[in-house]
Amino acid sequence: MIDCKPQLPLEPRPIYIFGAGGIVKDAHLPAYKQAGFTVAGITNRTRARAETLAQAYDIADVYDSAEALIAAAPANAVFDLTLMPAQFVPTLELLPDGAAVLIQKPMGDSLPEALEILEVCRRKNLVAAINCQLRFAPFVIAARNLVESGAIGELYDMEVRVSVQTPWDLFPNVKFHPRLEIAQHSVHHIDLVRSFLGNPSSVMAKTVGHPAKPMSSTRTGMIMDYGDKCRAVLSINHDHDFGSQNQESFIKWQGTKGAIKARMGLLMNYPDGAPDKFEYCILKEGEAPQWVEQKLEGSWFPEAFIGTMSSLMCYLEGSASEMPTSVENVVNTMAVVEAAYASSGRGGVEPDFQS
């Protein structure tokens, strides 16, 4: 059986949440309940929304403001910022120096905003992580364990392909964002590739809109450059408006001794999703390649949200020596995002067409 679960803290800390939007309702709170974490307090601009969630998830206290929540939180609290990026810096400035905080992705809407967030976290000595939760989806944890065990040999190819119909109306806060596709969606995939292959030497990308839709961008093609022997490519299409047939949503890892393919079912028929699927093939000398399907517990939502919070708590208590999604790490994901937009804006090399 391939391990697909995150490390859990030995002594979970109380969680205090800023925000009561859909992601809190659909992912954060179900994940924390499943993990047995205590959400001790919540605040939201519209108090009624926070009260509704507090009643549904037995949250002891609802606060009228961020300041009130912070004042009531104990020294060992973990703050969970599920706000829009423009609110990150002002809220981080309110936190006590040395506080622990999990910040919703993306780490700002641009690299300059990410650097501002990083500066605040450094200056206030915050123990801060970004909620890049795809890294902790069960199929990613399982794939990472296979890769790190050496089972598929040297990793030389990573592909993320998504061709689905995304219901943008479910995301009114970002639907008309000027940097919709890469900054709000493909940032997950960029961060995932970085977590396996490190920082690319360069990025080539083009992100485009749809001729009949008002969103800024809904499709992206991207190559992250890792030299002459390793390929990393993202092909993302949110405009498969043609039914479930021929939709795709998968990550594929290829190594010198084998390969892994994971279907991300959540993105298909969102928000209900389709079943995930995890398969791997280990080459054996003298035998034809055979793919093995492994059943895994859980999915991206809500289980991956256990991983991001657990990772922070484990680092705080010392049971883990690293915090994979620290602001120090994820700022480099934002550097790739910024480079992708620059590449998309500049365009490619013009062919020397002959008349």
Query raised in the report: Using alpha carbon centroids, what distance separates the range 265-308 and the range 53-125, in Å?
Result: 32
Requested in this report: Taking the Cβ of each residue in Glu317, Glu93, Glu285, Glu159 as the centre, tally the other Cβ atoms inside 10 Å and list the residues starting with the fewest.
Outcome: Glu285, Glu93, Glu317, Glu159
Query raised in the report: Hey, what did the chain get for relative contact order, percent, Cα under 8 Å, at least 6 apart?
Result: 22
Query raised in the report: How big is D for the chain, in µm² s⁻¹ as a whole number, if Stokes-Einstein is applied with the Kirkwood radius of its Cα pairs at 4 °C and 1.567 mPa s?
Result: 61
Query raised in the report: When a footprinting reagent is the concern and you count Cβ atoms within 10 Å, what order do Thr82, Thr46, Thr325 take, fewest first?
Result: Thr46, Thr82, Thr325
Query - Sites matching chymotrypsin sites (Phe, Trp or Tyr not before Pro) across the range 97-190 that sit in DSSP coil, with at most 13 neighbouring C-beta atoms within 10 Å - result: Phe176
Query raised in the report: Do the sum for the chain: with -39,500 (n - 2.57) for every DSSP H run of n ≥ 4, divided by all residues, what is the mean residue ellipticity at 222 nm, to the nearest 500 deg cm²/dmol?
Result: -8500 deg cm²/dmol
Report task. Give me the angle, in degrees from 0 to 90, between the Cα long axis of helix 138-148 and the longest principal axis of the Cα atoms of the chain, rounded to the nearest 10. Result -> 60
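Taken together, the values in this text are just the output of simple stated rules run on the coordinates, not laboratory data. Just so it is clear, the structure is predicted and the values come from calculations on it, not from any experiment. Glycine also receives a Cβ, built like all others from the backbone with ideal geometry; neighbour counts cover every protein chain displayed.
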